[in-house]
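The values are calculated or read from the model by the stated rules, or taken from the named source; none is laboratory data. Because the structure is predicted, anything quoted here is derived from the model rather than measured. FYI the Cβ positions are ideal-geometry reconstructions off the backbone, even for glycines, and counts take in every protein chain you see.
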Amino acid sequence: MTGVPGAGQSLGLDTLVRLKRIRRSPTPGGTGGHGSFPVPEGMTAPLGCDAVAVPARLGPLVGPRLPRVGCVFADGTHWWWIVPSDSDDALTWPAPAHYGPGAPLPGTARLIHRPDGTLPYTPPIPLYLALCRVTGTTPEWSRPLTA
């Protein structure tokens with residue numbers, strides 16, 4: 001050993017993912033590590049927060065298609081749906097949606113929907129499918145494989 005604390009020890013994947021989430025996880029009344037998502041009072045975000053932005057014209061079409069709507073922020077041009085961190089893993093969100101790690105919201109965005117309970121999340125897979133539906137996009141896993 002070199003005398004360096006922790007030398008020769010390795011971290012498991014679960015530990016690395018947990019550390020990443022802790023680093024990015026917003027605190028009540030605070031903001032995420034990379035964004036500006038304020039966790040509403042009385043809510044927690046144990047899985048960290050990312051945001052999926054859609055043009056404001058699509059927002060009202062998406063909500064009714066979801067089994068649960070988490071925190072949604074809006075300004076005059078976009079709606080932002082709060083999802084757990086890493087909800088873009090192996091997934092390309094359909095245009096014109098934009099995925100924002102750390103839930104970066106502009107200062108003009110205001111909370112327009114707060115769910116019951118303590119978690120701010122919209123389930124990402126139903127949100128993805130609803131966005132595919134309203135944009136006329138075929139979900140990635142339904143597309144033919146190309147060589």
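Taking the conditions (1) surrounded by fewer than 21 Cβ atoms within 10 Å (Cβ to Cβ); (2) more than 21 Å from Ile125 (Cβ to Cβ); (3) modelled with pLDDT under 95 in turn, Gly32 satisfies each one other than (1).
When you look at Leu119, is it surrounded by 14 or more Cβ atoms within 10 Å (Cβ to Cβ), within 22 Å of Pro67 (Cα to Cα), within 13 Å of the chain's Cα centre (by Cα) and of a type outside the set (Phe, Trp, Tyr), yes or no? Spelling it out, Leu119 is indeed surrounded by 14 or more Cβ atoms within 10 Å (Cβ to Cβ), within 22 Å of Pro67 (Cα to Cα), within 13 Å of the chain's Cα centre (by Cα) and of a type outside the set (Phe, Trp, Tyr). Being in contact with a Ser or Thr (Cβ under 6 Å, 6 or more places away or on another chain), touching a residue at least 24 places away in the same chain (Cβ under 8 Å) and over 18 Å from Val69 (Cα atoms), is that true of even one residue in the stretch 88-103? Yes, some residue in the stretch 88-103 is in contact with a Ser or Thr (Cβ under 6 Å, 6 or more places away or on another chain), touching a residue at least 24 places away in the same chain (Cβ under 8 Å) and over 18 Å from Val69 (Cα atoms).
On the given criteria, is Val52 modelled with pLDDT of 85 or more and under 22 Å from Glu140 (Cα atoms)? So Val52 passes the test.
Name the residues in the stretch 95-119 that are in contact with a Leu (Cβ under 9 Å, 6 or more places away or on another chain) and either modelled with pLDDT under 95 or closer than 20 Å to Pro38 by Cα (or both), would you?
Within the stretch 95-119, the first condition is being in contact with a Leu (Cβ under 9 Å, 6 or more places away or on another chain), and the residues that meet it are 96-97, 99, 119.
Tyr99, Leu119 - these are the residues of the stretch 95-119 that are in contact with a Leu (Cβ under 9 Å, 6 or more places away or on another chain) and either modelled with pLDDT under 95 or closer than 20 Å to Pro38 by Cα (or both).
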